[in-house]
Amino acid sequence: MLGQMMQQPLLISSLLQHAERHHGRQEIVSRRTEGDIHRYTFADMASRSRRLAKALRELGVEAGERVGTLAWNGYRHLELYFAASGSGAVLHTLNPRLHPDQLAWIVEHAQDQVLCFDLTFLPQIEALAGRLASVRHLVVMTDRAHMPASGLSLVCYEDLVGAQDDHYSWPAFDENLASSLCYTSGTTGNPKGVLYSHRSTVLHAYGGALPDSMNLSASDCVLPVVPMFHVNAWGLPYSACMVGAKIVFPGPALDGKSLYDLFEAEQVTMSAGVPTVWQGLLDHVIAGGLRFSAMKRTVIGGSACPLAMLRAFEEDYGIHVIHGWGMTETSPFGSAAVLTGAQRCLPPEQRYAIQAKQGRCVFGIDLKVVDDSGAELPRDGASAGHLLVRGPWVLAQYYRQDGDSPLVDGWFPTGDIATIDADGFMQITDRTKDVIKSGGEWISSIELENIAMGHPEVSMAACIGVAHAKWDERPLLVVVRKPDSAMNREQLLDYFCGKIAKWWTPDDVVFVDEIPLGATGKMLKGPLRERYQRHFLHAHQGNTH
């Protein structure tokens, strides 16, 4: 017997219709590439999105065809989120920080028909244009007054929107149709495409907004620092529309001062981004003796949040830290370290230890850790194994790799090594490729990095496994000191005493001016391993098991 309820598909356009109808006067604020601040409402955005949907149709974009974007966080990018997907096309966000060869490969692999880009990226487009055979139209996301001179045939975004009226009805179609396409960062080999559906995106927006996730509501002012080209800004544009939260877009300026000024001017209550960005913000407020007047919480993900950063936000500025985990293949929300009622009553250090974990999954996501044979490991917070995930917003197979599913018995292997405790809190101890195997035992590079980052004179730290004659591998710490620091190897290694098992202590420290970062702000350990693979670690210098 079937239920007798309405059949209403979960479509991205329904998020926009809800925001316009029930939160139409809520504000969207953007710092534009043109240099000024733009303001309008959800109702304005909905009207312009309908105009843009008609304009895309005029450009010949058919249902299922890809519309590429090379853009910062801003209102025009948001309009493309809804106009492309809502009209039945597929939004394809491109990461401008990728190597030009990768960008060209991705555009052709996706077969983008239209490519919309911010003024900032004109030089990249001009350099790549001859390699973008599938692209029929290049659209500059600006107005006529700011259109650049170029040898390319360019279309003005505002001319497209202005030429249409907003008399447009969003089409209804199967909720399982593709809505957007994101590619992995491609640190090894070519990037892989992850094709989201309308259903998966709307369910993900629900999951991300829940109290035990990012806890979003209409009373929030949300500033997504995480780029809209990186896994759809962790779903924040969709969740904000769902709950009616004010949105503030920072544009290209992500330095500490620019972010702080925007936080204060717009009274931002919640933000989300990677640790490297938050370190820049903390450095700015510490140097200026500044305070936050409205900020209540920040979601930190992309890579592990150092305990020192968590403590600084919580104790020094009264900002609650939500440590999260996810990946492109999980849309990306997977889990968040939101404390239970009982845990909130624990002493600070015990609370921080729990918050430093990647947290519990919400309904819709399931996690488990398994050993090398695939047997599930106990949830005791100590048994580390391969982390697997499943759920309605988790990838089943990569784009254009039909018949080659990565799933293992219906679970997606994340490539992370993790533990799960009795309360369901998951903690990443390493990436499979980054775990250090010393004498047959695992050492967590992430834990060593977090300890190093707690030293007041450390700006950034990466830990890698280096070949060792006796122990196969031993940990090497690569560190960027803070300005004016004269800290030496012995002082830093002494800082590890009492914090870990003695044999975990790194055998050596290398001080560098910078650590390479990937396209999404994560540390790149591959180049470090290549550079220091011949770093000689004498057996008698290493700690013994």
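What is the dipole size for segment 404-465, taken about its Cα centre, with +1 at each Lys and Arg Cβ and -1 at each Asp and Glu Cβ, in debye to the nearest 20?
In debye, rounded to 20, segment 404-465 gives about 180.
Modelling each spin label as a point 7 Å along the Cα-to-Cβ direction, I'd like the T432/D261 distance in nm, to one decimal.
Placing both labels 7 Å along Cα→Cβ, they lie 4.6 nm apart.
Taking other Cβ within 10 Å of each residue's Cβ, how do K502, K246 sort, fewest first?
By the 10 Å Cβ count, ascending: K502, K246.
Place +1 on the Cβ of every Lys and Arg and -1 on the Cβ of every Asp and Glu in the chain, take the dipole about the Cα centre, and give the residue among Q17, G359, L160 whose Cα lies farthest towards its positive end.
Result: Q17.
Considering only DSSP beta bridges where both residues belong to the chain, give the percentage that are antiparallel (nearest 5).
Numbers: 45 of 83 bridges.
Among the beta bridges of the chain, antiparallel pairing accounts for roughly 55 percent.
Which listed residue (T184, L195, A384) has the Cα farthest towards the positive end of the charge dipole for the chain, taking +1 on Lys and Arg C-beta and -1 on Asp and Glu C-beta about the Cα centre?
Going by the Cα projections, it comes out as L195.
Report the label-to-label distance for H22 and V155 in nanometres (one decimal), using points 7 Å from each Cα along the Cα→Cβ vector.
Here the answer is 3.4 nm between the modelled labels.
Non-local amide H neighbours of V29 (under 5 Å, H modeled in plane, Pro and chain starts lacking H): which ones?
I247, V248, F249
For the chain, with only Lys/Arg (+1) and Asp/Glu (-1) charged at the beta-carbon, what is the dipole magnitude about the Cα centre, in debye rounded to 20?
On the way: 47 positive and 60 negative charges, 54 e Å.
Taking the Cα centre of the chain as origin, the dipole is about 260 debye.
Extending each Cα 7 Å along its Cβ direction at S217 and Q533, get the distance between those two points in nm, one decimal.
It works out to 5.4 nm between the two label points.
Pull out the extension gain between A422 and A342, defined as 0.36 nm times the separation in residues minus the alpha carbon to alpha carbon distance; nm, one decimal.
27.4 nm
Just to confirm my numbers, what's the Cα centroid distance between segment 1-48 and segment 91-106 in Å?
Segment 1-48 and segment 91-106 have Cα centres separated by 27 Å.
Of the trypsin sites (Lys or Arg not before Pro) in segment 1-100, which ones lie in a loop per DSSP and count no more than 16 other C-beta atoms within 10 Å?
In loop regions of segment 1-100 (DSSP not H, G, I, E or B), the sparsely surrounded trypsin sites (Lys or Arg not before Pro) are R25, R97.
Counting chymotrypsin sites (Phe, Trp or Tyr not before Pro) as exposed when in a DSSP loop with at most 12 other beta carbons within 10 Å, what is the longest stretch of the chain free of them?
Formally, the longest exposed-site-free interval is 1-362.
In whole angstrom, note down how far apart the Cα centers of segment 188-210 and segment 479-493 are.
After rounding, the separation between the Cα centres reads 41 Å.
Readers should treat all values here as calculations from the given coordinates under stated rules, not as data from a laboratory. Quantities reported herein were computed from a predicted structural model and do not represent experimental measurements. Virtual Cβ from ideal backbone geometry, glycine too; neighbours counted across all protein chains shown.
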